Amino acid sequence: MIGQLGNVMVGFIDNVMVGELGASALAAVSLGNGLFFLALSLAIGFSLSITPLVAEADGKHDHQLISSLFKNGIVLCAFIGFSLYVVIKLLQPFLKLLDQPEEVVILANPYIDILAFSIIPLAIFQATKQFSDGLSVTSYAMIAAIIGNVLNVFFNYVLIYGKWGFPKLLLEGAAIGTLIARCSMVLFMALLFYKRQRFKVYITNVFTNILQFITIKKLLKLGFPAALQMLFEFGIFISSIFLSGLLSTEAQAANQIALNIASITFMVAVGLGVTATIRTGNQLGKKDFKALVRIIRSILLLVFLIELIFAIILVILKDYLPTFYIADLNVISIASQLLLVVACFQISDGFQVVLLGTLRGVQDVNIPTLFLFIAYWCIGFPISFYLGKPIRLGAVGVWIGLFVGLSVSSGLLYLRYIYLTKKLLIDNCKAE
């Protein structure tokens, strides 16, 4: 969970420190991160294919396959990261066509110029993280995330505000701090893999068999649908940035606050979703489906309890949390209303991410991808678009659409989980 939080805490730090510069600066970071996170969703999605395959191979004690997955996973994610950097740069000029506040677009462009490049080290880090997770070694990514965030705080402080002789770079300073943090995370993971005995068996002769068609095909078979899943889910939340931008700069800044807080609670659930993927993959390799069902029930209970606590905290602190980001009373008022909606969807958000992790662990990705598209883009987004008009509920209406989308997706994924686990148990009984 801490390792997953590291990905969004970098953004949280940027938001809090940039919020001191005003609503326009915070909205600009929101717009820049919106474009970046569309690309990031694809990078994370492709890397997620590594974990269940490594976990299954680990359950079978197939060290040769694990080594192949490591090498080819790194190469694939590095290529995807570079490709996504190019895509971000190609899409960047179109921001001015989305009817966003002009001053926000002007501030966002230099920020995006630097931030876009960080997708490359972040994609490589994700590959190393998912590989390590697949071997049930999740502490390495946690330590890397902590180091990255400490560095991000330091470089943000000295580069945004121009402290200790460093130039005052404002939003560009925040982007540079993020880039340095993400590069450091990759270097730390590489150093750990090189030093730790357990990993040496997988990284010896690292430049041999790095383009194995069969392994890359396996990764893409799982990775492409997983990338679409992340794109559909991240995409609907990112759409809230653009829909709120049509309302006002204040609404867009408030939306960014709610989005950042929601992403923090979401990443805690993602940590349990990764746990579900690892343990499901292990039991799939061992063909112990009774243990698989028992484990997932335990994880679902755990995520329910954690998300319930988050929901209560958000309701109690809805007026206080936005003050960490900004002093603008209009922005704080809108953000506190949005946090009530965030509190309402905590449990459904936690359930859907754990169920997705479970289904990914049994390598079922195509039907869940269709379910997410229906839930988010056929149901959730139209509601956000309709209710998000200024004459209706505005920013709150946008987030009600997100709530409905998450609730429908968790229901559909649960039905799929019940169907598959029953099928696995029946097939296993027949085989015995």
Compute the distance from the alpha-carbon center of the range 320-374 to that of the range 205-266, in whole Å. 13
Within a Gaussian network of the chain (alpha carbon springs, distance under 10 Å), most fluctuating of 197, 352, 252: 197
Using a cut-off of under 19 Å, list every residue of the range 219-256 whose amide N is near the label point 7 Å from the Cα of residue 420 along the Cα-to-beta-carbon line. 219-234
Between 140, 419, 386, which gets the highest mean-square fluctuation from a Gaussian network model of the chain, Cα cutoff 10 Å? 419
Can you compute the modelled spin-label distance between residue 143 and residue 161, with each label point 7 Å from Cα toward Cβ, in nm? 3.1
Considering only protein heavy atoms, with the full assembly of protein chains and a 1.4 angstrom probe, order 142, 185, 17 by accessible area, largest first. 142, 17, 185
Give 60/200; 163/318; 71/423; 129/318 a once-over and call out the pairs whose C-alpha atoms are over 30 Å from each other. 163/318; 71/423; 129/318
Subtracting the Cα-Cα distance of residue 168 and residue 212 from 0.36 nm times their residue separation yields 11.1 nm
If I model a spin label at residue 317 and residue 197 as a point 7 Å from the Cα along the Cα→Cβ vector, what separation in nanometres do I get? 4.3
Residues in the range 350-372 reached by a label modelled at residue 136 [backbone nitrogen below 18 Å; 7 Å Cα→Cβ]: 358, 361-362
Could you work out how far apart the two model spin labels at residue 113 and residue 96 are, taking each label as a point 7 Å from the Cα in the direction of the beta carbon, and quote it in nm? 1.4
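Using a/c under 1.5 as the rounded threshold, could you call the chain rounded, prolate or oblate? The axes a ≥ b ≥ c are square roots of the C-alpha gyration tensor eigenvalues, and prolate needs a/b larger than b/c, oblate otherwise.
On the way: a/c = 1.91, a/b = 1.31, b/c = 1.46.
Oblate, since a/c reaches 1.5 and b/c is not below a/b.
The values are calculated or read from the model by the stated rules, or taken from the named source; none is laboratory data. Keep in mind the model is a prediction, meaning the values are calculated, not measured. Note that we place each Cβ from the backbone using ideal geometry, even for glycine, and neighbour counts take in every protein chain shown. Remember, those area values only see protein heavy atoms, side chains included, never the ligands or the DNA or RNA. Shrake-Rupley method; radii C 1.70, N 1.55, O 1.52, S 1.80 Å.
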